[in-house]
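This report concerns only the one structure given below.
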Amino acid sequence: MESTNYGKKIRAYRKLKGYTQEEFAKQVGLSVSMLGEVERGNRLPNDTMLEQMARVLNISKFQLL
């Protein structure tokens, strides 16, 4: 499932950069529950979410794709 791949990459980069779910969600402007849904693959991130996540992680959006 495509959304699972997004979630795994987002979680891996978040952990690599040392963010907890709470810290990362706050930086990105999401609730922790919504971030959890994305990381578990239950929700696809929209383009704006991907851009925010990439900005906070200091990576390109395409690295999350």
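The values are calculated or read from the model by the stated rules, or taken from the named source; none is laboratory data. Quick caveat: nothing in here was measured; it's all calculated off a predicted structure. Cβ sites come from the backbone with ideal geometry, for glycine too, and all protein chains shown count toward neighbours.
Among R14, R43, which is the only one that is surrounded by 15 or more Cβ atoms within 10 Å (Cβ to Cβ), in contact with an Asp or Glu (Cβ under 7 Å, 6 or more places away or on another chain) and either basic (K, R) or modelled with pLDDT under 95 (or both)?
On inspection, the qualifying residue turns out to be R43.
Which condition number in (1) outside any loop (DSSP other than H, G, I, E, B); (2) more than 11 Å from the chain's Cα centre (by Cα) is the one that M49 fails?
Only one criterion is unmet by M49, namely (2).
Anything in region 53-65 that is crowded, with 17+ Cβ neighbours inside 10 Å and touching a residue at least 12 places away in the same chain (Cβ under 8 Å)? List them, or say none.
M53, V56, L57, L64
Might you let me know whether region 4-15 holds any residue that is among the small types (G, A, S) and not in a helix (DSSP H, G or I)?
No, that holds for no residue.
Quick one: in region 13-45, of everything that is small (G, A, S) and touching a helix residue (DSSP H, G or I) at 6+ places or on another chain (Cβ under 8 Å), which residue is nearest to F62 (Cα to Cα)?
G41
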